[in-house]
Amino acid sequence: MAASKLALMAGAVPWKPDMRGFDINQRSADDLVNGIQRIAYEDGEDLVALAGFRLGGGRALAGGSHLSFHGGVSVLHSTGDDHAVVLTAGESERLTAERVGTWGQGVFGVTWRSGAGLETFAEGQGDLGSDYDAFAGRVGLRLRF
């Protein structure tokens, strides 16, 4: 059975493996030049493999409202190039930034939808790896008609 069609139950919460596969990223940017000063970004490629699981659920509330949640955990591994920038102002200096090899990513969100079409949501995401961490959040409001 394909992973995308596999759904399992943990108590009353459905969850399923999240085998998203691969992401291929290519980067390219023009040089920034001002007189004798130049910032040159080196082109590069990155292949990222992703695997994890997702879960979610919901509950009907009084008055036609609905509360749902979703979450997931993934492990990502990058096999691409390190990032490099060359700075030139008479002399040249090459600055490199090592890519993050393997890191984990977690996401959790909740959504409340009223019977009248108003929907609010909140979501948080965290990425953690060796010498790397990033956190993001978003909240929003939708009016469906």
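The values are calculated or read from the model by the stated rules, or taken from the named source; none is laboratory data. On a predicted model such as this, the values are computed, not experimentally measured, just so you know. All Cβ positions, even for glycine, are placed from backbone atoms using ideal geometry, and neighbour counts span all protein chains on display. Accessible surface areas use protein heavy atoms only, side chains included; no ligands, DNA or RNA. Shrake-Rupley method; radii C 1.70, N 1.55, O 1.52, S 1.80 Å.
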Could you list all residues from the stretch 61-76 that are in contact with a Leu (Cβ under 8 Å, 6 or more places away or on another chain) and either open to solvent by 70 Å² or more (accessible area, probe 1.4 Å) or of a type outside the set (Ser, Thr, Tyr) (or both)? 61, 67, 70, 71, 72, 75, 76
Tell me, which residue of the stretch 103-132 that is part of a strand (DSSP E or B) and farther than 30 Å from residue 67 by Cβ is nearest to the chain's Cα centre (by Cα)? 103
The residue that is nearest to residue 60 (Cα to Cα), considering only those in the stretch 90-135 that are open to solvent by less than 30 Å² (accessible area, probe 1.4 Å) and among the charged types (D, E, K, R), is 119
I'd like to verify a number: residues in the stretch 87-113 that are in contact with a Phe, Trp or Tyr (Cβ under 8 Å, 6 or more places away or on another chain) and under 26 Å from residue 45 (Cα atoms), how many? 2
